[in-house]
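Here the structure comes first, spelled out in structure tokens, and everything after it is commentary.
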Amino acid sequence: MIYVMSDIHGAYDKYKRMLDKIDFKEEDTLYILGDVIDRGEDGIKILFDMMMRDNVFPFLGNHEYMAYGALKSLSTEITEEIIDTDVKNILELYEAWMENGGASTLKKFRELSLDERESVFDYIEEFAGVEEIKVNGKSFVLVHGTLENFSPERPFDDYSVNEIVWGRCDYDRVYFPDKYLVTGHTPTALIAPGYRGKIYKKNNHIAIDCGVHFTGVLGCICLDTSEEFYVE
């Protein structure tokens with residue numbers, strides 16, 4: 001079975017309970033569409049669990065993007081060149097990350113050994129941006145946020161990181177008449193009334209960010225069957 005989850009935001013217990021609920025097996029596949037970390041306490045713990053699973057495929061979210069940029073910059077040797085050119089940018093990046101719930105991740109990151117820190121960097125560097133998959137003859141485009149400046153003819157690898165992790169979909173618009181666009185990033189409660197803590201399906205969109213940090217609900221969908229799963 002093919003499953004998709006997103007925006008876990010450090011909720012390790014709910015992540016593990018969801019794996020139990022869907023009876024996740026070695027022959028199954030799970031795509032996680034970003035924002036594993038921040039806000040909640042155990043994002044790093046979730047990352048290490050994901051690393052151990054060959055059948056879990058992570059996508060880059062804006063929170064991983066901020067965390068990687070800030071932590072990598074802070075881990076870089078401070079040279080005169082960096083002082084002259086990059087300090088302001090590094091501080092702005094760090095402040096933006098902290099304003100978006102990065103403190104919990106930073107706290108756990110500081111507890112890691114140097115080798116463990118490098119493994120986190122190496123893992124995030126492998127996160128996907130946009131991918132199209134086929135399940136039972138249906139096509140699904142997976143991305144964290146949206147395809148900003150969208151054109152049906154535009155290749156997926158032409159989209160910049162900022163265009164896929166920061167923007168938000170227009171959920172009243174059909175992007176692909178013959179494909180489903182599967183996204184996280186935007187809590188479904190903000191898309192339409194009545195979808196608080198529920199997966200949103202309309203206009204060939206499948207929006208799966210149930211806003212776990214705000215609603216207490218983590219969602220997951222099976223693309224083979226369209227069955228929805230929830231953990232509160």
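Look at the Cα gyration tensor of region 155-197: its axes a ≥ b ≥ c give a/c of at least 1.5 with a/b at or below b/c, and that counts as oblate.
Kindly identify region 171-232 as rounded, prolate or oblate by the Cα gyration tensor criterion: order the square roots of the eigenvalues as a ≥ b ≥ c, call it rounded if a/c is under 1.5, otherwise compare a/b with b/c, prolate if a/b is larger, else oblate. Present the calculation step by step, with values, prior to reporting the outcome.
On the way: a/c = 2.40, a/b = 1.40, b/c = 1.72.
Here region 171-232 falls in the oblate category.
As a length-normalised measure over Cα pairs under 8 Å and 6 or more apart, the relative contact order of the chain settles at 23 percent. Estimated from helical segments only, the mean residue ellipticity of the chain at 222 nm is -9500 deg cm²/dmol, where each DSSP H run of four or more residues counts as -39500 (n - 2.57). Over the C-alpha atoms of the chain, the Rg to Rh ratio, Rh being the Kirkwood estimate, stands at 0.97.
Applying 1/(1 + (r/R0)^6) with r as the Cβ-Cβ distance of E132 and K16 and R0 = 25 angstrom yields a FRET efficiency of 0.30. Straight-distance candidates among the lysines for linking to K45, with alpha-carbon spacing under 29 Å and chain neighbours fewer than 8 residues away dropped: K14, K16, K21, K25, K72, K107, K108, K198. Per-residue Karplus couplings for region 194-202, computed as 6.51 cos²θ - 1.76 cosθ + 1.60 with θ equal to phi - 60°, are listed in order as x, 10, 4, x, 10, 6, 9, 10, 5 Hz, Gly and Pro entered as x.
Selection among Y12, F109, P58 by position relative to the dipole of the chain gives Y12 as farthest towards the positive end (Cβ unit charges, Cα centre). When restricted to Cα atoms, region 108-175 yields an Rg and a Dmax of 16.1, 46 Å, respectively. The chymotrypsin sites (Phe, Trp or Tyr not before Pro) of region 105-203 include none that meets both conditions, a loop assignment by DSSP and at most 14 other Cβ atoms within 10 Å of the site Cβ.
Just so you know, the averaged projected area of the alpha carbon convex hull for region 80-194 sits at 11.2 nm².
Percent of Cα pairs in region 2-50 per distance bin of 5 Å, from zero to the largest separation: 6, 22, 34, 25, 12, 2, 0.
Okay, which of region 46-60 sit inside 16 Å, backbone N to the point 7 Å along the Cα-Cβ direction of K72? Flagged as within label range: 59-60. Of the GluC sites (Glu not before Pro) found in region 1-78, those that fall in a DSSP loop while having at most 12 other beta-carbon atoms within 10 Å are E26, E27, E77. Residues whose amide H comes within less than 5 Å of that of Y3, counting only those at least five positions distant or on another chain, are T29, L30, Y31, L223 (H built at 1.01 Å from N in the peptide plane). For region 29-73, the spherically averaged projection of the C-alpha convex hull amounts to 3.2 nm².
Bear in mind that the values in this text are calculations on the coordinates, not laboratory data. Everything numeric in this text was worked out from a predicted model, so none of it was measured. Counting neighbours? That spans all protein chains shown, and the Cβs are built from the backbone with ideal geometry, glycine included.
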